[in-house]
Structure formats: C-alpha cells, structure tokens
Amino acid sequence: MKQTIIYKLNPNFEQEKHLHNLSNIATKIYNTDNWQRRKVWEETGKIPSVYSQKKILKDNVWFKLLPSQTAQEVSFNLQRNYNSWFKLRKKDKTANPPMFRKKEMLSPITFYQQFKIINDKIKLSVSRKYKEEKGIKSLEIGFDLWKKNKGTVKMCQIIFNKGEWFAHVVCEIVE
C-alpha cells in the first residue's frame, strides 16, 4: 500500500530562489521535449517514444541542470500527456496535443533517489552541472511536520501552489 504525505516547506529566501530556478528548468525541459515531439509528429505522423526523446535530450543544457531521474520524469510526464491525447483523439478528432507551458509556470520537480528526509528537513540533491553553476551541493529545506511517515519513502514531488511550496512524499507501507 502507498501513502502520500504532504508537507508544507519553509524555504529561506536563497532556497526559494533555487526551487524557483529548478522548477523553471523543468518547464524548459517540458517545452523543449514537446517542441521536438511536435516537429517529429508533423514530419512523420508519429510521436517519438519517451526513450528516444531521453537520448536526444541527454545533451541538452536544461536536461543537465536537473538530476537525471528528475529530468527524465519531466519527459515521462509529457509522454503520459500524449498518451491521454491519443485516447481522446479516438473520440474527438479536434482534440489538441499537449500545449506548451508558459515560461513563468513553475513545473513540479520529482525526486526518486536524490532526496532524504532527516527529522524535520528534506535534503534535495542537485545535478553536478547545477552544483558547478550555482555553487551549492544540495538544498536542505525545513518543513512543518504534522504526520510522521511510516514505511519506505519512495518519491518526493516538490510543487508550488498558491504562493507556497509543498513536498508530496510517497511512502510504501508494508502491512
């Protein structure tokens, strides 16, 4: 069984700048991937798989600024959006493919193995390229602890919602 616990993050000014930056990078990856997929769609009538897209994007400047699994999750998210569009097109031929995200939109950032929860702080790893450019090793952000997680922590998704940052932490509970 899986359980999602939502923690309200309390980043300081510097940490919030990094969260904004990482979320903007995820938006740029999403839009770059979407542009490439649309280009192939117009040329061939087929959408490339997420795996072929990852090969193309692995050398992209934005892709290197996020931890690899985090950047790949952006591509998987877009793939899910395209799969949904394909299903909808069977019923409605006028359905539009996934849209581009606005430049100022803050995309969710998902971490699988590149994070730890230590007491009332979450420690997020950053990519080697981001470390070099920004001079930080990781982000340790405090959060409001209202519920202790039980089981094994599997994933953390950082989301900006209504002016506040939240960590959605998924735990696998064995009963």
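Remarks
- Karplus-derived 3J(HN,Hα) values for the range 86-94, using 6.51 cos²θ - 1.76 cosθ + 1.60 with θ = phi - 60°, are 4, 5, 5, 4, 5, 9, 9, 5, 8 Hz; glycine and proline are entered as x.
- Contact order relative to length of the range 36-89, as percent, for alpha carbon pairs under 8 angstrom and 6 or more apart: 26
- Largest first, the residues Lys154, Lys87, Lys137 sort by 1.4 Å accessible area into Lys137, Lys87, Lys154.
- The portion of the accessible surface of the chain made up by carbon and sulfur, rounded to a whole percent, is 51 (1.4 Å probe; DNA, RNA and ligands excluded).
- Share of pairwise Cα separations in the range 38-142, more than 22 Å, in percent: 45
- Chymotrypsin sites (Phe, Trp or Tyr not before Pro) within the range 113-148, DSSP loop, no more than 14 other Cβ atoms inside 10 Å: Trp146
- Heavy-atom accessible surface of the range 21-175, averaged per residue, reaches 61 Å², computed with a 1.4 Å probe.
- Debye, to nearest 20: dipole size of the chain, +1 on Lys, Arg Cβ, -1 on Asp, Glu Cβ: 540
- Cross-link pairs beyond the 26 Å C-alpha cut-off, checked among Lys102/Lys123; Lys39/Lys134; Lys64/Lys137; Lys28/Lys93; Lys28/Lys134: Lys102/Lys123; Lys39/Lys134; Lys28/Lys93
- Sparse packing (at most 14 other Cβ atoms within 10 Å of the Cβ) combined with a DSSP loop state is found for the following trypsin sites (Lys or Arg not before Pro) in the range 28-58: Lys46, Lys58.
- Applying D = kT/(6 pi eta Rh) to the chain, where Rh is the Kirkwood radius over alpha-carbon pairs, T corresponds to 20 °C and eta to 1.002 mPa s, the Stokes-Einstein value obtained is 123 µm²/s.
- Normalised contact order of the range 74-152, rounded percent, pairs of Cα under 8 Å and 6 or more residues apart: 18
- Max-minus-min Cα coordinates of the range 1-67 on each principal axis give 47, 35, 17 Å, with the largest extent listed first.
- Calculated [θ] (222 nm, deg cm²/dmol) that DSSP helices of n ≥ 4 give over the chain, each run adding -39,500 (n - 2.57): -13500 deg cm²/dmol
- Using alpha carbons only: equivalent-ellipsoid semi-axes of the range 134-175, gyration tensor based, whole Å: 23, 15, 10
The values are calculated or read from the model by the stated rules, or taken from the named source; none is laboratory data. Nothing here was measured: the structure is a model prediction, and the numbers come from that model. We place every Cβ from the backbone using ideal geometry, glycine too, and count neighbours over all the protein chains shown. Only protein heavy atoms, including side chains, enter the accessible area calculation; ligands, DNA and RNA are left aside. Shrake-Rupley method; radii C 1.70, N 1.55, O 1.52, S 1.80 Å.
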